[in-house]
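See below for the structure under consideration.
The values are calculated or read from the model by the stated rules, or taken from the named source; none is laboratory data. Model, not experiment: these values are computed from the prediction. All Cβ positions, even for glycine, are placed from backbone atoms using ideal geometry, and neighbour counts span all protein chains on display. Heads up: the accessible areas ignore ligands, DNA and RNA and are worked out on the full protein's heavy atoms, side chains in. Shrake-Rupley method; radii C 1.70, N 1.55, O 1.52, S 1.80 Å.
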Amino acid sequence: MIEVEVVQLLVSPVHRFAGRPADGPADGPDGETVESVEVRGGLGLVGDRYYGRPAHRDAAVTLMSAENLPLDINPHVDLRHTRRNVLLRGVDIDSYVGSTIVLDGAHGPVTFAVNRPARPCAWMDVVIGPGAQRALRGKGGVRCTPLSDGVLALGRATFHVIDGDGAAAR
């Protein structure tokens, strides 16, 4: 079990990075960053653009390690730039692909299947700064399926692996 911190949560009803990066991102709605969010097993984060969409069931929630944000490129970078949903401090989440993990915070445990890497795209160089896409290779976060219902909230939590073949789970 690892002590972690849920640093930031992003729930957005719109996809801001569509089209060509040279055209710039669409405006995002106010209130994308939240203090807590409802999670539904097999569906995602209530209110998020990928909630309940069959094409995104194995990638409905993205987790990222705060330690991997390219602060040297942009000291103000956060989830609004990377478009990940959950920013964690204290765990190298990218090393858990293939694992089933549990985040247990103030509102109880939530279980996720960590399915695959969330690869950075050319948009990262536009919204974060030149070189961000390269800086995030191999550490852009992970795409997950929520396996249980629950609530994620900002603050302290525990992280543990309940099953997996991810490198860190061995």
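Observations, loosely collected:
- Number of the condition not met by ARG156 [criteria: (1) in contact (Cβ under 8 Å) with a residue 40 or more places away in the chain; (2) closer than 21 Å to TYR50 by Cβ]: (2)
- Residue check for ILE101: touching a Gly at 6+ places or on another chain (Cβ under 6 Å) and at pLDDT 90 or above: no
- Odd one out for THR82, checked against (1) open to solvent by less than 20 Å² (accessible area, probe 1.4 Å); (2) farther than 21 Å from ILE162 by Cβ; (3) of a type outside the set (D, E, K, R); (4) at pLDDT 90 or above: (4)
- When region 126-154 is filtered for residues that are out of contact with any strand residue (DSSP E or B) (no Cβ under 6 Å at 6 or more places or on another chain) and open to solvent by less than 60 Å² (accessible area, probe 1.4 Å), the ones remaining, listed by number, are VAL127, ILE128, GLY129, GLY131, ALA132, GLN133, ALA135, LEU136, GLY140.
- Inter-residue pairs, beta-carbon under 6 Å, first touching a residue at least 40 places away in the same chain (Cβ under 8 Å) and among the polar types (S, T, N, Q) and in region 42-65, second in a loop (DSSP other than H, G, I, E, B) and open to solvent by 40 Å² or more (accessible area, probe 1.4 Å), 6+ apart: SER65/ASP92
- Hits in region 134-170 - residues which are among the small types (Gly, Ala, Ser), in contact with a Gly (Cβ under 6 Å, 6 or more places away or on another chain), modelled with pLDDT under 95 and in a loop (DSSP other than H, G, I, E, B): GLY166
- Residue satisfying condition, being touching a Phe, Trp or Tyr at 6+ places or on another chain (Cβ under 8 Å), open to solvent by 30 Å² or more (accessible area, probe 1.4 Å) and within 27 Å of GLY164 (Cα to Cα), within set HIS56, HIS107: HIS56
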